[in-house]
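Visitor: Structure below; questions to follow.
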Amino acid sequence: MLVTSAACGAPNGAGSPAPVSTTAAAEVGSVQVLQTGGFAGVHDLYTVDKDNRATEKAELYGKVTGADFRSLKDEYRTPNNCRDQFGYEITVKYADGQSKKVTTEDCSQKPQLVTDVIGLARKIGVKTDGR
């Protein structure tokens with residue numbers, strides 16, 4: 001037997017945050033992206049955690065709880081002549097105490113998933129000085 005249910009309330013984009021998947025929310029403690037480098041030598045830390053109410057949080061948490069993210073290499077760097085690029089360190093802390101860290105740079109070849117996680121965290125995360 002198939003049972004479905006519908007949630008009541010405002011649709012996404014109407015002022016109410018999208019619900020975070022119960023499974024994904026229970027599995028993730030926080031997602032942090034440290035962005036360093038560039039011409040100005042930035043050191044920005046973007047954090048998405050339980051207090052974040054952005055609608056895209058469910059999407060971000062869904063990406064970092066999947067097997068594709070957990071099986072990523074620890075580092076995606078390629079020798080290149082790219083000047084003034086940014087470096088990124090993604091750190092996901094899971095509720096079970098485990099963590100996953102992925103390091104990359106702007107000009108490096110990397111899976112689209114890495115780029116997506118960085119973009120979402122930078123968009124919705126709380127930005128602080130990462131020094």
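A short reminder: the numbers here are calculations on the coordinates, not readings from a lab. As the structure is a computational prediction, the values presented were derived from the model and not from experiment. Here the Cβ positions follow ideal geometry from the backbone for every residue, glycine too, while neighbour counts run over all protein chains shown.
Visitor: What is the sum of charges, Lys and Arg at +1 and Asp and Glu at -1, for the other residues whose Cβ falls under 15 Å from the Cβ of ILE124?
Guide: With Lys, Arg at +1 and Asp, Glu at -1, the neighbours total +1.
Visitor: A further question follows. If I take all pairs of Cα atoms in segment 22-129, what percentage of them are more than 20 Å from each other?
Guide: Result for the distance tail: 36 percent.
Visitor: Which ³J(HN,Hα) values in Hz, rounded to whole numbers, follow from the phi angles of segment 80-87 under the Karplus curve 6.51 cos²θ - 1.76 cosθ + 1.60, where θ = phi - 60° and Gly and Pro get x?
Guide: With coefficients 6.51, -1.76 and 1.60, one gets 7, 9, 6, 8, 6, 7, 8, x Hz.
Visitor: Same structure again: Give a residue-ordered list of calculated ³J(HN,Hα) values for segment 97-103 (Karplus: 6.51 cos²θ - 1.76 cosθ + 1.60, θ = phi - 60°; whole Hz; x for Gly, Pro).
Guide: 3J(HN,Hα) across segment 97-103, in whole Hz: x, 7, 9, 9, 10, 10, 10.
Visitor: Right, another one. Around VAL28, which amide H atoms from residues at least 5 apart in sequence, or from another chain, sit under 5 Å from its own amide H, with H modelled in the peptide plane?
Guide: For VAL28, the qualifying residues are ALA95.
Visitor: May I ask you to list the aspartates and glutamates whose Cα is less than 19 Å away from that of LYS93, ignoring any residue fewer than eight positions away on the same chain?
Guide: Partners within reach: GLU27, ASP44, ASP49, ASP51, GLU56, GLU59, ASP68, ASP74, GLU75, ASP116.
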